[in-house]
Amino acid sequence: MITRKIPSTGEAIPVIGLGTSGPFEVGADAAARAPLREVIDAFFEGGGRLIDTSPMYSTAERVLGELLSPAQQKDCFMATKVWADGTEAGISQMNDSARLLQHRPLDLIQVHNLRDLAVQLATLRAWKAEGRVRYIGVTHYTAATHGELARVIEREKPDFVQFNYSALTRDAESRLLPLAADRGIAVIVNRAFEDGRIFARLKHLPLPAWAADFDATSWAQVLLKYVIAHPAVTCVIPATGKVKNMRDDLAGGRGRLPDAAALKRIVAAVSA
């Protein structure tokens with residue numbers, strides 16, 4: 001697995017992570033959880049490390065905390081979020097996240113969708129100084145907020161910033177990705193598959209022969225390699241509840257990456 005360094009510390013993490021929005025929002029039913037346990041096992045066996053979740057994702061934190069083995073907890077880079085208004089509500093929610101995830105200290109807490117940003121960042125900085133969280137960050141998921149995110153990272157310089165980026169939605173290339181690289185901020189990419197909608201454009205297209213030039217054997221790998229080909233990207237977090245898809249996604253973090261000419265071919269394919 002290709003790894004990238006977190007600029008603020010030099011710690012290296014694998015470029016393919018795992019998102020939990022949607023697939024991990026299940027209850028306590030063993031049958032519903034069984035495929036997720038397979039996904040987690042495949043994720044770590046395949047060299048993954050960063051898992052991204054949030055209290056916004058209903059039961060995902062609890063499910064994740066209960067499914068991870070002690071060894072997987074040790075290997076995991078656990079990223080969650082704070083999604084609350086006010087100091088006390090934020091502290092209570094972050095304490096709940098640590099308890100549900102059974103992971104202390106949490107590796108990364110991000111202010112989800114910039115909610116109550118100043119208040120939550122103040123708490124996060126205090127927690128980081130106390131060793132209760134290793135890294136802090138900010139997130140959003142729409143291109144319309146990229147300008148606001150850019151202003152935040154210029155002003156606050158968090159360790160991480162998370163935003164949407166794909167071969168179809170390339171707005172981040174103009175400002176956010178260069179800015180993060182310039183300011184030394186790690187980048188987590190969400191919505192690399194446009195919540196799955198991008199595959200509707202590709203399902204009738206055979207995988208082109210040129211995908212082999214950068215060791216891609218599926219459209220999912222092509223799309224992930226497009227994202228991680230940008231040197232400012234630290235990790236991309238596709239969400240899945242299917243072990244077949246997990247293994248396919250992980251393969252996108254291995255081998256060669258597309259060059260400039262291949263990137264243009266990918267854009268042309270998804271934009272057709």
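Please find, among THR59, THR87, THR3, THR80, the residue that is touching a residue at least 12 places away in the same chain (Cβ under 8 Å), more than 19 Å from THR139 (Cβ to Cβ) and in contact with a Pro (Cβ under 9 Å, 6 or more places away or on another chain).
THR3
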Is there a residue in the range 204-223 that is within 19 Å of SER21 (Cβ to Cβ), in contact with a strand residue (DSSP E or B) (Cβ under 6 Å, 6 or more places away or on another chain) and crowded, with 24+ Cβ neighbours inside 10 Å?
no
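Across the range 190-207, which residue is farthest from THR142 (Cα to Cα) among those that are touching a helix residue (DSSP H, G or I) at 6+ places or on another chain (Cβ under 8 Å) and not in a loop (DSSP other than H, G, I, E, B)? Reasoning before the result, please.
The initial filter retains those residues of the range 190-207 that are touching a helix residue (DSSP H, G or I) at 6+ places or on another chain (Cβ under 8 Å), namely 192-193, 198-199, 201-202, 205, 207.
Next, from what is left, pick out any that are not in a loop (DSSP other than H, G, I, E, B): 198-199, 201-202.
Working: ILE198: 15, PHE199: 19, ARG201: 20, LEU202: 22 Å.
Applying the filter and picking the extreme gives LEU202.
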In the range 5-45, which residue that is under 14 Å from the mean Cα position of the chain (by Cα) and within 17 Å of ARG247 (Cα to Cα) is surrounded by the fewest Cβ atoms within 10 Å (Cβ to Cβ)?
PRO14
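For the range 173-205, enumerate the residues that are among the aliphatic types (A, V, I, L, M), without any contact (Cβ under 8 Å) to a residue 60 or more places away in the chain and more than 18 Å from ASP159 (Cβ to Cβ).
ALA192, ALA200 - these are the residues of the range 173-205 that are among the aliphatic types (A, V, I, L, M), without any contact (Cβ under 8 Å) to a residue 60 or more places away in the chain and more than 18 Å from ASP159 (Cβ to Cβ).
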Residues of the range 34-87 being in a loop (DSSP other than H, G, I, E, B), under 19 Å from ARG99 (Cβ atoms) and of a type outside the set (Phe, Trp, Tyr), in sequence order, are THR53, SER54, PRO55, MET56, SER58, THR59, LEU68, SER69, CYS76, ALA84
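Only one of SER166, SER174 is buried (at least 17 other Cβ atoms within 10 Å of the Cβ) and farther than 20 Å from ARG49 by Cβ; which? Give the steps one after another, and end with the answer.
Values: SER174 fails: buried (at least 17 other Cβ atoms within 10 Å of the Cβ).
Result of the check over SER166, SER174: SER166.
Bear in mind that the values in this text are calculations on the coordinates, not laboratory data. Only a predicted model underlies this, so the values are computations on that prediction, with no experimental measurement involved. Cβ: placed from backbone, ideal geometry, glycine included. Neighbour counts: every protein chain shown.
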